[in-house]
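See below for the structure under consideration.
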Amino acid sequence: MGFWDVASDFFKNLFGFDQAHPLLFTQFYFWAFFAIVMAFLCFFKNKVLLRNAFLFFVSLFFYYKTSGLFLMLFVFVIVYNYFAGWWLYPRKTKFARNFIVILSAVVDLSLLCYYKYAYFLTDVVNNLFGTSFAVHDAIAEFGNMIAGREAFSVDSIFLPVGISFFTFQAMSYVIDIFRRKSEPVINFLDFGFYLSFFPQLVAGPIVRPNQFLPQLHKPFFLGRKQFGIAVFWIMNGLAKKLILSDYIAVNFCDRVFENPLLYTGFENLTAIFGYSLQVYADFSGYTDIATGVAMLMGFYLPKNFDSPYKAKNASEFWKRWHISLSKWLQDYLYIPLGGNRNGTIGSYAIILGIAFMASALAKNWWVFFSVLLLTAVIAFFIIFKKNTRKELISDINRMDTMLLGGLWHGPSWNFMIWGGLNGLGILIYRFWKSCNVYVRVLVIGLITGLCLVLKMAFEAPVFNLFFYWTLIIFIGAFVRMLYSMLKGRSLPWLKDAWSVLMTFIFVTFTRLFFRSGSNLDPAEANEKAWGTAKNMVNQIGGDWDFAMVPQIAWQHRSILIIFIIGMLIHWLPERFKRRYRIWFAKMPLVVMVLFCVIAIFIICQFITSDLQSFIYFQF
């Protein structure tokens with residue numbers, strides 16, 4: 001191969017788009033790209049307008065390398081929301097302001113629904129009316145008409161990378177202008193830079209205008225300590241992604257989830273717990289790298305994770321996990337629905353609409369009528385029981401938020417189940433904390449007894465799971481009741497440890513539905529996701545050969561060791577983590593470089609043959 005052929009291939013790889021190999025933080029090409037960006041940034045780091053314009057066009061190039069021609073869609077979102085903000089800001093009348101903000105939300109959400117939920121909504125319509133509509137990419141057909149040839153496939157709709165993140169970020173910009181919390185950005189290039197900043201573009205965090213816009217015109221500053229912290233976050237993120245996430249996924253979790261019936265109940269259970277660590281290490285690892293990369297360029301991203309598996313209940317978990325999304329849903333969905341103050345038409349429409357879709361997908365109208373009956377009962381108490389009205393309305397709004405949060409993650413009813421279970425966990429905890437220790441024992445004892453009856457009557461694996469899970473909770477509640485009766489010395493650390501463990505187990509089991517709905521072709525997501533979840537429940541809740549467990553555990557010892565190490569590191573006290581971050585940042589540069597070389601060498605030992613995409617790229 002001659003020089004020109006080599007050069008041609010190089011530039012083709014550099015400027016071309018390969019859908020099978022998008023640009024990832026874990027690739028050498030990304031770090032070469034970032035090194036070039038930093039080299040150019042050094043020339044005009046204090047020339048704010050040039051810096052912002054340069055980073056805007058660099059970010060567009062980065063998105064092209066991850067999503068190809070979907071760049072045109074992203075540019076449309078940038079242009080439309082820039083002018084929507086300018087159109088909205090000077091309006092004085094309530095009608096005009098409401099019209100513009102609603103129109104903006106409709107445009108943004110229509111694009112999101114078209115690309116992300118076309119298959120999902122088509123399944124609902126087909127199951128509801130017995131039709132056989134097929135998904136057809138009208139936008140691709142329009143592109144073919146303009147191109148004058150068959151340039152795009154019209155038989156399927158591909159999901160643009162990061163569309164959920166940049167859509168929500170664009171919506172928050174316009175809504176904040178509507179609420180007078182922000183002013184429109186004057187320079188179009190500045191706004192484009194805000195919406196497209198490449199470290200957080202395709203997988204978050206979702207950056208609010210007030211968190212990032214004030215940084216646009218600040219001069220570049222990177223102190224010695226900030227540099228060290230940035231390098232730490234990058235190394236920490238790479239270790240999470242390549243050691244804790246990819247290694248566990250490729251060597252164990254993906255295999256079990258692909259064919260759960262080929263593995264024992266113990267292996268299926270281990271896979272679920274392994275995936276719980278995997279998804280955290282993957283997503284928070286991406287966030288760590290994004291934080292470090294942004295910091296090296298002089299920008300600061302909001303905190304997106306706060307050791308979520310230290311949460312003592314489901315509500316606290318969502319204050320620690322994907323914080324930018326949780327806050328977005330709280331500010332732009334939960335509070336507008338009425339929050340903990342009052343209910344709106346939307347409060348009831350959302351929960352009934354989702355129940356309607358779920359029943360259509362399941363082809364079972366009992367789902368819809370059951371939710372309808374439950375809603376009617378709740379409405380009765382809201383109308384006639386004033387002392388419980390506020391709490392019930394608050395609970396409905398919380399459940400609506402969690403259900404829609406589940407749907408945000410993907411077009412599968414497994415995501416609705418996952419969101420609903422998290423919402424149910426929050427509501428159950430609210431009831432649980434309002435009861436004294438004796439009522440708790442009584443309630444969980446009755447539930448455990450009911451599960452035992454169902455287990456004996458039907459011999460279904462799912463009732464086995466429910467029985468053993470409620471039995472564990474009952475034992476914990478009973479021990480605490482005895483301890484209280486005997487006036488034992490307070491042991492808050494033991495109580496907290498038990499709460500953290502129970503919350504982690506609950507969150508982990510909800511992940512069964514999250515993982516089953518992920519990494520699937522949207523055309524078959526609903527059916528395949530439910531089949532995977534059902535098979536895993538049957539394996540875990542079925543009969544176990546406990547004599548084989550030690551042997552199976554030994555076969556997967558590397559996975560179990562990495563899982564245990566990962567969880568122990570995660571559960572380290574925050575003050576200890578802060579100390580070793582600062583210790584690393586203050587290292588002499590020579591020692592820091594040596595440390596990074598050793599760390600990279602260790603990380604490379606865990607790299608798989610084909611680098612895994614970040615899980616949240618698909619959202």
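The figures follow:
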| quantity | calculated |
| --- | --- |
| Mean accessible surface per residue for the chain, computed with a 1.4 Å probe while every protein chain stays in place, in Å² | 50 Å² |
| By accessible area with a 1.4 Å probe, ligands and nucleic acids excluded, highest first: order of 601, 76, 30, 273 | 601, 76, 273, 30 |
| Residue 82 accessible area, assembled protein chains, probe 1.4 Å, Å² | 20 Å² |
| Exposure ranking of 222, 242 by accessible area [1.4 Å probe, largest first] | 222, 242 |
| Cβ charges +1 (Lys, Arg) and -1 (Asp, Glu), total dipole of the range 532-615, debye | 640 debye |
| Positive-end residue of 309, 253, 280, charge dipole of the range 250-320 with Cβ unit charges | 309 |
| With DNA, RNA and ligands ignored, accessible area of residue 574 (1.4 Å probe; Å², nearest 10) | 60 Å² |
| Solvent-accessible surface (1.4 angstrom probe) belonging to residue 306, in square angstrom, nearest 10 | 50 Å² |
| Check: the chain dipole with +1 on Lys, Arg Cβ and -1 on Asp, Glu Cβ, in debye | 3240 debye |
| Extension reserve of the residue 215-residue 47 stretch, reckoned as 0.36 nm per residue once the Cα distance is removed | 59.1 nm |
| Label point distance in nm, residue 131-residue 544, each placed 7 Å from Cα along Cα→Cβ | 4.8 nm |
| Computed [θ] at 222 nm, helices only, for the chain once each DSSP H run of length n ≥ 4 contributes -39500 (n - 2.57) | -23000 deg cm²/dmol |
| Fraction of accessible area attributable to carbon and sulfur, the chain (%, probe 1.4 Å) | 70 percent |
| Only Lys, Arg (+1) and Asp, Glu (-1) charged, at Cβ; the range 409-518 dipole about Cα centre in debye | 360 debye |
| Listed residues 470, 454, 439: farthest to the positive end of the dipole of the range 382-470 (Cβ charges) | 439 |
| Signed unit charges on C-beta, dipole axis of the chain, positive-most listed residue 508, 559, 115 | 508 |
| P(r), alpha carbons of the chain - 20 Å bins starting at zero, rounded % | 17, 51, 29, 3, 0 |
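The values are calculated or read from the model by the stated rules, or taken from the named source; none is laboratory data. As the structure is a computational prediction, the values presented were derived from the model and not from experiment. Glycine also receives a Cβ, built like all others from the backbone with ideal geometry; neighbour counts cover every protein chain displayed. For accessibility, only protein heavy atoms count, side chains too; no ligands or nucleic acids. Shrake-Rupley method; radii C 1.70, N 1.55, O 1.52, S 1.80 Å.
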